């Protein structure tokens, strides 16, 4: 069984604030992959990151950073100094070993207020 | 460098009609996935196809839904005798690698199906 929980349905922040989007997952596999996707108002999902379960090193890409904690089954996403263009729905997803597809959480709608 | 192209962007059908959704994957990608997004929900996997073959249709409803990915042309998701509950955004994604080696999916902008 697999499950991805994004408990925050909606978040609003003022521009330049930092914001963290939470993602908690469940899987019986010891090897799996975690993803974050961004869905801007245009609708297309944009790939942000993929993480292997055996690599717990945190990652930073510009204003984006990801904190992978295997002990708590979490893969949180932080945006530093948020901008209006960050407004979107963000999805966390899981792929179990051998699976043909990604299993998505319900998403977090982020609104950055100018 | 065209990405995944889906059309139409919006499709309106009356109950009982057929809906045909088209998806052209990224050039060179031979693996196509269809997902459905209901309002306020995440994307739910429907079907995974390679050229001319359905590999995994574990997420497809047993009736009225079908998918194909012919040797030539786009992938088609067909919904026969649509009902109001079929109203959703349908996303197509493609990848250059086999499902079990899947690294990331490239998504289209989706088709919003509205059933009146």
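Taken together, the values in this text are just the output of simple stated rules run on the coordinates, not laboratory data. From a predicted model like this one, the values you see are computed outputs, not experimental measurements. Positions of Cβ are backbone-derived with ideal geometry, glycine not excepted, and every protein chain shown enters the neighbour counts.
Principal axis analysis of the Cα atoms in region B:1-58 yields extents of 35, 27, 24 Å, listed in decreasing size.
Against the compact-protein benchmark of 2.2 N^0.38 Å, the Cα-based radius of gyration of the protein assembly as shown scales to 1.02. When a/c reaches 1.5 or more, the comparison of a/b and b/c decides; with that in mind, is region A:50-102 rounded, prolate or oblate per its Cα gyration tensor? It is oblate, given that a/c is not under 1.5 and a/b is not larger than b/c. Each peptide among B:86-95, B:6-15 gets the average number of other Cβ atoms lying within 10 Å of its residues, and from highest to lowest they stand as B:86-95, B:6-15. When only alpha carbons are used to place a centre, region A:65-98 and region B:42-68 end up 27 Å from one another. Between residue B:112 and residue B:22, the modelled label-to-label distance comes to 2.1 nm, taking each label 7 Å out from Cα in the direction of the beta carbon.
Working note: Debye formula, equal point scatterers on the alpha-carbon atoms of chain B, no solvent; log10 I(q)/I(0) at q = 0.10, 0.11, 0.19, 0.24 Å⁻¹ is -0.26, -0.32, -0.96, -1.49. Testing the spin-label approximation: label points 7 Å from Cα along Cα→Cβ at residue A:97 and residue B:83. State their distance in nm. Those two pseudo-labels are separated by 4.0 nm.
Please identify which residues in region B:58-85 have an amide N closer than 11 Å to a label point set 7 Å out from the Cα of residue B:2, following the Cα→Cβ vector. Output list for this probe position: B:74.
Could you work out, residue by residue across B:69-82, how many beta carbons of other chains sit within 10 Å of that residue's beta carbon, and then give the average as an integer?
Mean partner-chain Cβ count within 10 Å for B:69-82: 0.
Over all Cα pairs of chain A, how is the pair count split among 10 Å bins, expressed in % and running from 0 up to the last occupied bin? Result, from short to long distances: 14, 49, 30, 7, 0 percent. Partner shielding of B:107-113 amounts to 3, given as the average count of beta-carbon atoms from other chains within 10 Å of each residue beta-carbon.
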